[in-house]
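Here the structure is laid out as C-alpha cells; the discussion comes afterwards.
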Amino acid sequence: MKIGLEIHVQLPTRSKMFCSCPATGASGPNEHICPGCMGMPGTRPSLNKEAVVIGIKLARLLNCTVPDVAWFSRKIYFYPDLCRHYQITQYETPIGNAGEYYLDKKRIGITRAHLEEDPGSMKKSGDGALIDYNRSVMPLVEIVTDPDISSPAEAREFLKALLNDIRHVVDLPDDGERSIRVDCNISMAGSERCEVKNVTGLKNVERALTFEAVRQTKVIKSGGKISRETRHYDEERKVTTAARKKAFEGDYAYIGEPDLGAINVKKIADTITTKESPLNMAIRLQKEYGIDEKIAKQIVNTSVSMAALFEHLARKISAKNALMWITGPISSGWKTLESQINEKRDGITDIVIQYEKDEINRTECSMRLKAFIFGEDPENMKKNSADLDALIKKAIDENPSVISDYKKSDKAANRIIGIVMKESGGSYSSSDVVEATKRILNGMI
Amino acid sequence: MTSDPRDIDKKYNIFSETVPSFNIKRTAFSVSDDILVKGLQATAGSRILDGYYPVFDATVVSRMNAAGCSVIGKTNMSEFGMSAFSAAGVDTPKNPFDPERSCGGSCGGAACASAVLDGHIALGTSAGGSISVPAALCGVFGLTPTHGRVSRYGQIDSVSSMGPIGLFAMGSELLKKFLPVISGKDEKDLVTATQPELKIGKRKLRSVAVPKNVTDGVSDAVRKAFNDSLDVLKGMSIDIEYVDMSNLRYAMPAHYILSVTEAATNLAKYCGMRCGRQDGDLSLPFNDYFVSFRTKYLGREAKLRTAMGTYMTLGDNRRTFYLRALGVRQLVLNGYKDVLRTHDAVLTPTMPFIALKFTEIEKMNSMDSYMASRFTVPSVFCGLPSLSAPCGYSDGMPMGIQFVSDHWNEDVLLSAAELCERSFKIKVPEVSP
C-alpha cells in the first residue's frame, strides 16, 4: 500500500494573500470580501509578503530547496466557489522543492511545498448552493509528500508530528487542526490511485484511508479494477464516495501569472531566521555538544525552552556540567521554573558559573539552584538539607550492608530512601530524598 | 469645449456610456470601455458584461481626476480588444475623416474622440497595437507606454503580460502633459513596482533604424507616405539606417499564442454569477450552466480565442505552444535590444493601408485582419513603448508612422511627437454635428 498526502495548511497571516482584507474574525458570511476576493474584472492581485515569509519557513522546516526567484501560475478549473475560475498557485517554482521529513527513523520524501490561494466555500442550501467568499484568497501552503507512507496509522502519526513541528515554526492557532485539509492519495500494489479530497482532522484522515484500503482491496480481490478518481469522505457515515474522474495535471492548462511578476525570494529569505523544529534542535544539540541522542530528544520533548536553557548554559560552562545541572536540580524544579525562565535565567547562570570556577562545591551549587528556583532562603534550605542529610546518614549507619549492595546495583539506595521517607513523614520531596541519598552513597563508595 | 460631445457622439458612435453632467472648466477626458470608472457601466465591448457597474475607479482615472480633469464617457471598443477594426464590439465607432470607414481598433472610439473633440485626451489600452492602429487610421497621436509604466489596476484584462494603458491626442503637448499624470508606481499593480522615474527632458531623436523590406506588402499610398517621411526626417539631420530585423516575423504567431492563452484565463471568470449579466439558467448542473451561458453571451472572436488558448496550454501542447512562445518573446526582444543599443528608435509605418470601409472589413478573413497589425504587435509583445504619429494623407484619409523606443524611454517618443508635429502637415477633421 502506498499513501501520499497533500496537506493544505492555512497560514496565520493578518490579511489575505492577494488583497488587504482581514484574514480572520468575520462575524458572518461574505463580510471580509473586496472586489479582488470576488474576482471582479479590473482587480489584480498584490502580494502579501508575510505569506511568502511563512512559506519559506515551512519549506526550510521540510528541508526543501528554496528557489532564489519564484513566480506564480494560474491553474484553470471551473467551480462556482473559485472567483476567477483560475486559482493563483505555484507550478514550476514552488517555494519549497524536494525535501524530506523524518518520522523517527522513517524518511518521508517531500515532493514540494507551494503557496496558493484558497477558494471560497460552498454550502448546499435547498435546491441551490450558497457561496461564502470570506475564505477566498486566503493564503495556503500545500505540502505534497512522496508516496512513502505505508499505512493509515502511519499517515496519522506523520501528520501529528508534522503539525507539532509546524506549530513551533509558525504560530498556528491551537484549533489549527481543523484548518488543515488533507487530500489523501492511496493505491494498492500495481493498481491505480484514488484521491480522497478535503479530509479535515487527523482522525478522519486515518479513517478515510482505512476505509479506502479495505474498499480497494475488496475490489481487487473480486477481480475488479481501481480506476483513477477523486473521492469524497463522508464524515457522518465514515465512508468515501466517488466524486468525479480525477483530472490529470495537464488538464489544468497552467500559464504563468503575469500580474505578479517574478518574486525575489532570496532577498526575503536572507532576512528570515527560522525557528528550529524540536526534532532538528535535538539533532543539532547532539552534534554540537556531543550529548546522547536519547537525552537530547528527552530534553527537547520536555520543553524547547529547557533545551534553550541548556544551550545557554553550555556556552558559559562545559557542556557536560550544563547537562548535569539540567538533568538534575533544574529538571526536578522545572514545573516551577518554566513560567519564570526568562527572569531566572541569568541567576541560574551565575550560580553554575560559581561552581565552574570552584567557588562552591557541587552540593552547595545544587542547593543554591534549588533555593533560587523555588524562591526560598538558601540558609533555611541548607538547614533543611543538613537535617535531611543527617537522617540519611543515620539510616545508612543502621543498615551498613547498603553500601556494598549499592556498589553492585544502585537500586539498593531505594531501601534507604524508603526508610527516610517514612521517618520524615513526607516533609521532604521524594526527588530531594532521592538526590541526597544517591549523593551521600556515591560519596561513600 | 465648444459643443456638447454628446451631439458629436451621435454622428460617430464614440461613446458606450457618457456621464450625465460634467464640469466644462476642467479638461475633458474619456476612457475606453475596459477602464473602470466607478458607477459607469463597463462592458469592455462584450454583452456578457452588460450591467457591470464597478464599485471603484481605475488608478488612471483617480490620477486624472486628481489632476483636475473630468471624465466624460467610456469609448467604444471591440469585444475585449480582440479585433483591430472595432467592428465586433457593442457599437461601432465611425472614422472622423469618413463615416463610411472604420476607426480601426480596438480603441476606435478613443482615437475618434481625440480627433473630433477639442483639447480632448483619450485613454485607451493596447494588447497588440490597439492604440497605434486607430491613432494612425484616425490621424491622431497615440502613445503606448512601456508595460509597467502605467498602473493597470481597474483595467479589464483580455491579455495580461502586455497591454498598457496609453494616450490619444490631437497634439504632442497633451501627451507630454498627461503621460506623467497617469504614470508611476501603484501598490495595486505590482508590475509598476520596478519602473525607473519618468524623465521628460529635451532628449532629441538623433538616429532611427528602419527594418529592411519594411514596406513590402503595404499599399502604394502608405509606401509613398512612409518614404516621404523618411526624407523629411533626413532633412532634419536625423540618421536613418536600414537594419536586418528578420526576427520580428516570429512575433506575430508567438503573440497570438500568448494573447489567446492569457485571454482564455482572463475570460474564464465571466459566467453570470458575480458580475455582468445574471440571466443564466440556474436549473442546470454547473458545468452545463457555464457552457450554455458563455456560449450565449461571448462573441465569436472571444469564444475562438478561449478555445484556442485552452487548447494551446493543455497537456503536451503547453510545451509545444505556450512555453515556446515565451522563448520567442525573448528572441524578438533581443532583436530590438540589439538595434536600440545604437539607435533611438525603430521606425515603421503604423498600418499597411488607410482606414477600410465597413463593406471591405466584412469581406476580410481573420488571418488578413490579424496580419494588418503586424507593425504594431511586435513592440507591444515585448513591452516596449511606441508612438504613432500622423505623417500624411491619401484620398483625404490619414496615415501613421510608428516609433518604437527602448523600455522606459518614453521621453524619446515625446520628442519624436513634437518633431512630427512640426515637420508634417497635420489635418484636423471637419466636424459638423
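Quick note: the coordinates plus some simple rules give every number you see, no bench work behind them. What you see is a predicted model; the values in this text were computed from it and never measured. Counting neighbours? That spans all protein chains shown, and the Cβs are built from the backbone with ideal geometry, glycine included.
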- Semi-axes of the stretch B:181-283 from the Cα gyration tensor (sqrt of 5 times each eigenvalue, largest first, whole Å) come to 42, 24, 14
- Query: Hey, fewest Cβ within 10 Å first, where do A:Lys160, A:Lys422 land in order?
  - Reply: A:Lys422, A:Lys160
- Query: Per-residue HN-Hα couplings for the stretch A:305-321, Karplus 6.51 cos²θ - 1.76 cosθ + 1.60 at θ = phi - 60°, whole Hz, x for Gly and Pro?
  - Reply: 6, 5, 4, 5, 5, 4, 5, 4, 5, 5, 7, 9, 10, 5, 4, 5, 5
- Between 0 and 90°, nearest 10: helix A:152-169 axis offset from chain A longest Cα axis: 70 degrees
- Message: Using the alpha carbons of the stretch B:237-387, what is the convex hull volume per residue in cubic angstrom, as a whole number?
- Response: 157 Å³
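Counting only other chains, what is the mean number of Cβ atoms within 10 angstrom of the Cβ of each residue in peptide A:31-43?
On the way: counts 0, 0, 0, 2, 7, 2, 0, 5, 6, 10, 21, 18, 9.
Average per residue, whole number: 6.
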- Under Karplus coefficients 6.51, -1.76 and 1.60, residue-wise ³J(HN,Hα) of the stretch A:379-392 in Hz, glycine/proline x: 5, 4, 5, 4, 5, 3, 5, 4, 4, 5, 4, 4, 4, 5
- Task: Could you grab the Rg to Rh ratio for the stretch B:80-205? Cα atoms only, Kirkwood for Rh.
- Result: 0.98
- Item | Top of A:Glu359, A:Glu398, A:Glu117 by mean-square fluctuation, Gaussian network on chain A, Cα under 10 Å | A:Glu398
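Could you work out the mean count of beta carbons from other protein chains within 10 Å of each residue's beta carbon in A:75-85? Before the final figure, lay out the partial values.
Numbers: counts 1, 7, 1, 9, 3, 6, 0, 2, 3, 5, 9.
Partner-chain Cβ atoms within 10 Å, mean over residues of A:75-85: 4.
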- Task: Please state the charge dipole magnitude for the stretch A:278-444, taken about the Cα centre, from unit charges on C-beta atoms (+1 on K and R, -1 on D and E), reported in debye and rounded to the nearest 20.
- Result: 520 debye
- Item | Distribution of pairwise C-alpha distances over the protein assembly as shown, 10 Å bins, in % | 2, 11, 17, 18, 14, 11, 9, 7, 5, 3, 2, 1, 0
- Message: Looking at the stretch B:235-325, I'd like the Rg to Rh ratio, where Rg is from alpha-carbon atoms and Rh is Kirkwood's inverse mean 1/r.
- Response: 1.25
- Item | Farthest toward positive dipole pole in the stretch A:278-444 [+1 Lys/Arg, -1 Asp/Glu at C-beta], among A:Gly426, A:Ile317, A:Met381 | A:Ile317
- Using alpha carbons only, what's the Rg to Rh ratio of chain B with Rh from Kirkwood? 0.95
- Task: Rounded to the nearest 500, what is the 222 nm mean residue ellipticity of the protein assembly as shown from helices alone, with -39500 (n - 2.57) per DSSP H run of 4+ residues and division by all residues?
- Result: -11500 deg cm²/dmol
- Place the peptides B:291-301, B:385-395, A:231-241, B:192-202 in order of packing, highest mean first, counting for every residue the other Cβ atoms within 10 Å and averaging per peptide. B:385-395, B:291-301, A:231-241, B:192-202
- Could you work out, for the stretch A:378-430, what percent of all Cα-Cα pairs fall into each 10 Å distance bin, beginning at 0 Å and stopping at the bin that holds the largest distance? 24, 50, 23, 3
- Item | Ordering of A:410-416, A:99-105, A:121-127 by packing [mean C-beta count within 10 Å, highest first] | A:410-416, A:99-105, A:121-127
- Message: Using just the Cα positions, wrap the stretch B:1-109 in a convex hull and report its mean projected area in square nanometres, one decimal place.
- Response: 6.8 nm²
- Message: I'd like to know how the stretch A:89-210 sits against the 2.2 N^0.38 Å rule of thumb: what's its Cα Rg over that expected value?
- Response: 1.16
- Note on the structure: For the stretch A:266-391 (alpha-carbon point model, no solvent) the Debye-based log₁₀ I(q)/I(0) at q = 0.21 Å⁻¹ works out to -1.21
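I need the peptides B:406-413, B:125-132 ranked by packing, meaning the mean over residues of other C-beta atoms within 10 angstrom, with the highest value on top. Please list the in-between numbers first.
Numbers: B:406-413: 21.8, B:125-132: 32.1.
Highest to lowest by the protection proxy: B:125-132, B:406-413.
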- Item | In sequence order, calculated HN-Hα J values of the stretch A:62-79 (Karplus, 6.51, -1.76, 1.60; Hz; x Gly/Pro) | 8, 6, 8, 7, 9, x, 6, 10, 9, 9, 9, 10, 9, 10, 9, 7, 9, 8
- Query: If you line up the long axis of helix A:341-356 against the longest principal axis of chain A, both from Cα atoms, how many degrees apart are they, to the nearest 10?
  - Reply: 40 degrees
- Of the residues A:Gly261, A:Gly201, A:Gly425, which exhibits the maximal mean-square fluctuation in a Gaussian network model of chain A defined by a 10 Å Cα contact cut-off? A:Gly425
- Item | Quotient of Cα Rg and 2.2 N^0.38 Å for the stretch A:2-269, N being how many residues it contains | 1.00
- Query: How compact and how long is the stretch A:1-132, expressed as Rg and Dmax of its alpha-carbon atoms in Å?
  - Reply: 16.8, 52
- Please find, in a Gaussian network model of chain A (springs between Cα atoms separated by less than 10 Å), the residue of A:Val304, A:Val433, A:Val352 whose mean-square fluctuation is greatest. A:Val433
- chain A: angle of helix A:362-374 to the longest principal axis, Cα-based, in degrees nearest 10: 50 degrees
